[in-house]
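The values are calculated or read from the model by the stated rules, or taken from the named source; none is laboratory data. All values derive from a computational prediction rather than experimental measurement. Cβ atoms come from the backbone with ideal geometry, glycine included; neighbour counts cover every protein chain shown.
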Amino acid sequence: MSINEQQPLGPRAEVGGAGSVGETGSVVEPGGPAGKTGSGPALSRTLGPVMLWGLGVGYVISGMYFGWNLGLAAGGTGGLAIATAGVILLYITFTFSYTELACAIPRAGGVFDYANRGLNRDWGFVAGVAQLIEFLFAPPAIAVAIGAYFHLYFEQVPVTAIALVAYVLFTALNMYGVKAAAGFELGVTVLAVFELLLFCSFCFPHFSWQHVTQDSFPHGWTGIWAAVPFAIWFFLGLEGVANVAEEARQPKRDIPLGFGSALVTLILLCIGVFLASVGVAGWKAIVYPYPGAEPSNSPLPLALSKITGTSGLIYHLLITIGLMGLVASFHGIILAAGRATLELGRVSYLPPVLGRVNVRRQTPVYALAVNMVIGVIALLTGDTDDLIIISTLGALTLYIFAMITVLALRRKEPGLERPYRVPLYPYFPVVALVIGAVCLVALVSLNIKLSVIYFSIIGVAYIWFHFFVKKAGYEKTIAG
């Protein structure tokens with residue numbers, strides 16, 4: 001085999017993570033017991049807290065630019081505000097709990113590896129699939145928003161066509177090389193944060209509290225539940241920081257700093273963008289471009305147009321920079337999704353071809369290509385709000401499994417080295433678990449059809465795992 005051909009990703013190769021998965025669910029790497037470095041090359045520890053901050057914010061920041069405004073149609077400003085307050089508490093307690101797992105088991109598979117070790121391989125697989133669903137269904141929604149923003153300049157080009165071009169372009173960038181992709185991610189994230197601050201600075205002088213309180217509960221208390229997935233969209237994807245934990249220079253210091261600083265940044269931006277946008281002309285002005293229109297995927301331009309119009313230099317400057325926020329999350333989640341798919345393929349939980357990397361580029365080209373095909377199908381067949389809800393279902397499932405794993409590992413492996421321990425244990429993981437479970441029940445009860453689709457995907461994937469992995473060749477995978 002030549003050096004440029006595809007080869008299976010060996011232990012501790014480009015994306016790191018697990019070797020084979022043993023009968024107890026723990027990770028077993030060739031050459032040593034679980035948790036020890038195998039004989040293959042290790043990932044270079046090059047990420048400090050600044051880069052981890054950039055990745056954490058970059059994964060999420062598109063949620064400030066679009067999607068969240070659909071929660072206003074579902075619950076009004078009051079319903080979305082209450083849902084967002086609960087979600088902020090969820091992410092505070094979840095993030096610091098998840099950081100304990102990321103520091104103790106710094107592997108690229110994230111919750112897949114944690115649940116394998118803390119629970120068992122069956123639940124580990126289910127958690128891994130939930131993580132994959134989150135990472136696969138979020139990018140199509142973001143791609144549509146990118147198309148909607150570009151459509152403001154090129155009205156003759158369909159939104160879908162622009163979204164498809166974005167998918168191909170940024171998948172190709174991820175295939176080209178991780179170093180180039182990571183550098184690009186940090187740059188566009190900094191620009192995106194700057195744009196949001198600039199947006200708030202233009203909007204707040206025109207802020208009116210009356211606009212915030214006007215028609216704030218159009219659907220009563222039911223609207224709070226309906227707004228939950230869109231409140232989660234403000235922060236969805238932050239957990240992706242754990243998938244690069246193995247590459248932190250000093251995990252004990254860098255992961256908590258990266259996770260914590262990203263969370264604080266996102267909370268402040270969430271509150272600022274929410275108030276600045278709604279306060280200009282009311283919530284309907286940033287949901288519907290005109291009375292009777294379909295909900296918009298461009299809430300910030302709608303708010304800004306009430307101040308500057310649609311032809312001014314400031315309007316076009318901010319919209320152009322604003323695209324960076326969508327690009328940052330789109331590109332970053334494609335990267336994280338490639339790692340999640342690669343990890344499952346590498347241990348043959350999914351077809352082993354998905355666990356191969358290009359030796360020259362050191363990127364998981366097969367995983368990225370398959371993810372792109374799935375994302376394009378979802379983009380062509382699903383509405384933005386449907387994609388957000390399915391992605392949110394995956395995220396909530398991930399959060400629930402992660403918190404159960406935190407509690408289980410404390411009992412199962414009290415001697416496990418934990419460079420970072422969640423504060424106020426067990427209250428933080430328990431609070432996150434309860435809020436996550438309540439949000440999941442609320443989401444399922446209000447979205448039966450989409451929930452059936454989501455759990456059907458989980459069910460079909462588990463049938464594959466049970467009959468074609470465990471029974472048909474799992475022992476061979478362990479031995480290999």
If we scan the range 361-372, do we find a residue that is of a type in the set (Lys, Arg), more than 22 Å from Phe184 (Cβ to Cβ) and touching a helix residue (DSSP H, G or I) at 6+ places or on another chain (Cβ under 8 Å)?
-> no
Does Ala85 qualify as being part of a helix (DSSP H, G or I), within 30 Å of Gly279 (Cβ to Cβ), at pLDDT below 95 and among the small types (Gly, Ala, Ser)?
-> no
Residue match in the range 274-282 (condition: at pLDDT 90 or above, small (Gly, Ala, Ser) and at positive phi) | yes
Sort through Ala432, Ala336, Ala340 and tell me the only one that's farther than 30 Å from Val159 by Cβ, in contact (Cβ under 8 Å) with a residue 12 or more places away in the chain and assigned to a helix (DSSP H, G or I).
-> Ala432
Among the residues of the range 111-133, write down those that are farther than 19 Å from Arg410 by Cβ and not charged (D, E, K, R).
-> Phe112, Phe125, Val126, Gly128, Val129, Ala130, Gln131, Leu132, Ile133
When Val422 is run through (1) modelled with pLDDT under 85; (2) β-branched (Val, Ile, Thr); (3) in contact with an Asp or Glu (Cβ under 7 Å, 6 or more places away or on another chain), the failure sits at (1)
Neighbours by Cβ (under 7 Å, 6+ apart or cross-chain): first from the range 197-220, within 12 Å of Lys284 (Cα to Cα) and touching a residue at least 40 places away in the same chain (Cβ under 8 Å); second part of a helix (DSSP H, G or I) and hydroxyl-bearing (Ser, Thr, Tyr) = Val212/Thr77; Ser216/Thr77
Of all residues in the range 286-322, how many are in a helix (DSSP H, G or I) and modelled with pLDDT of 80 or more?
-> 11
Hey, Ile267 surrounded by 18 or more Cβ atoms within 10 Å (Cβ to Cβ), in contact with a helix residue (DSSP H, G or I) (Cβ under 7 Å, 6 or more places away or on another chain) and touching a residue at least 60 places away in the same chain (Cβ under 8 Å) or not = no
Of all residues in the range 220-259 being modelled with pLDDT of 90 or more and not in a helix (DSSP H, G or I), which is nearest to Pro295 (Cα to Cα)?
-> Phe234
Quick one: would you say Glu294 is of a type in the set (Asp, Glu) and surrounded by fewer than 24 Cβ atoms within 10 Å (Cβ to Cβ)?
-> yes
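For the range 366-412, which positions are of a type in the set (Asp, Glu) and part of a helix (DSSP H, G or I)?
If the condition is that a residue be of a type in the set (Asp, Glu) and part of a helix (DSSP H, G or I), then Asp385, Asp386 are the ones that fit.
Test of understanding: among Gly75, Gly124, which residue is out of contact with any Leu (no Cβ under 9 Å at 6 or more places or on another chain), modelled with pLDDT of 90 or more, in a helix (DSSP H, G or I) and closer than 16 Å to Val347 by Cβ?
Answer to the selection: Gly124.
Let's see how each residue does on (1) of a type in the set (A, V, I, L, M, F, W, C); (2) more than 15 Å from the chain's Cα centre (by Cα):
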position: Val370; (1), (2): yes, yes
position: Val373; (1), (2): yes, yes
position: Asp383; (1), (2): no, yes
position: Ser391; (1), (2): no, no
position: Leu396; (1), (2): yes, no
position: Tyr399; (1), (2): no, no
position: Ile404; (1), (2): yes, yes
position: Leu409; (1), (2): yes, yes
